[in-house]
Amino acid sequence: MSHLISKLEFKPLGYGYNTLEPYIDAQTMELHHSKHHQAYFNNTMKWAEEHGPLDISFEELFSKISGYPDFLRNNAGGHYNHELFWSLLKLNGGSEPVGNLAEAIRNEFGSYAKFREIFGQAAISRFGSGWAWLILNKEGKLEVTSTANQDNPLMNTVQQNGKPLLGLDVWEHAYYLKYQNRRPEYIEAFWNVVNWAEADKRFNNG
Ligand code: MN
């Protein structure tokens, strides 16, 4: 994802809208990708056309996002976060973390179960709209954080900075059709669709 923002194209999901059933339903996936995500993308490109070009990567933009308007922060964050989120989803049948990341999770949190509890709490307690994250912080340690709206841990406006390894969208648009107000059930279901191999790859790439 280190491409220049002005040159980006909107990508298909890479799997079917029904692939994550029954944990995340097809209608939610379709609306989420083709309407919500597409709108963040379109708004980002519109801003780049009118005020750009944005010939920088998202990582660079986010590292100095405090110098840009909220419109760009919200929409560029929205695009980046969703593209990352789609890549981190895969039907896994409840399987657990793999590779070096699995070991790092055990070392940092004591166990996978304990990590799930901490991450779940961050996702439940995020008031309103936002994201829960597992990040690799600047000290090279794993940390669970959460951000409001479409902010993310790469932005210089958030308190806990780092590289996102795993993210969970807890906006109501991510779960309301199937789970209504039951965000905790959506979070439980999420553990069945985490692409742990992808998260491990992100961890190994530093
Ligand atoms: Mn979303």
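Observations, loosely collected:
- Pair list, Cβ under 8 Å, 6 or more apart: the range 154-167 residue surrounded by fewer than 20 Cβ atoms within 10 Å (Cβ to Cβ), other residue in a loop (DSSP other than H, G, I, E, B) and at pLDDT below 95: N161/K138; K163/G206
- The residues of the range 19-42 that are within 18 Å of V194 (Cβ to Cβ) and away from the ligand (no atom under 13 Å from the Cβ), listed by number, are T19, L20, E21, P22, Y23, D25.
- Test: residue in the range 74-94 that is within 30 Å of Q159 (Cβ to Cβ), more than 16 Å from the ligand (Cβ to nearest atom), surrounded by 13 or more Cβ atoms within 10 Å (Cβ to Cβ) and not aliphatic (A, V, I, L, M): no
- Output for the range 143-195, where each listed residue is in a loop (DSSP other than H, G, I, E, B), more than 14 Å from the ligand (Cβ to nearest atom) and among the hydrophobic types (A, V, I, L, M, F, W, C): L154, M155, V158, W191, V193
- Residue match in the range 115-137 (condition: farther than 24 Å from R182 by Cβ, of a type outside the set (D, E, K, R), in a helix (DSSP H, G or I) and touching a residue at least 60 places away in the same chain (Cβ under 8 Å)): no
The values are calculated or read from the model by the stated rules, or taken from the named source; none is laboratory data. Keep in mind the model is a prediction, meaning the values are calculated, not measured. Note that we place each Cβ from the backbone using ideal geometry, even for glycine, and neighbour counts take in every protein chain shown.
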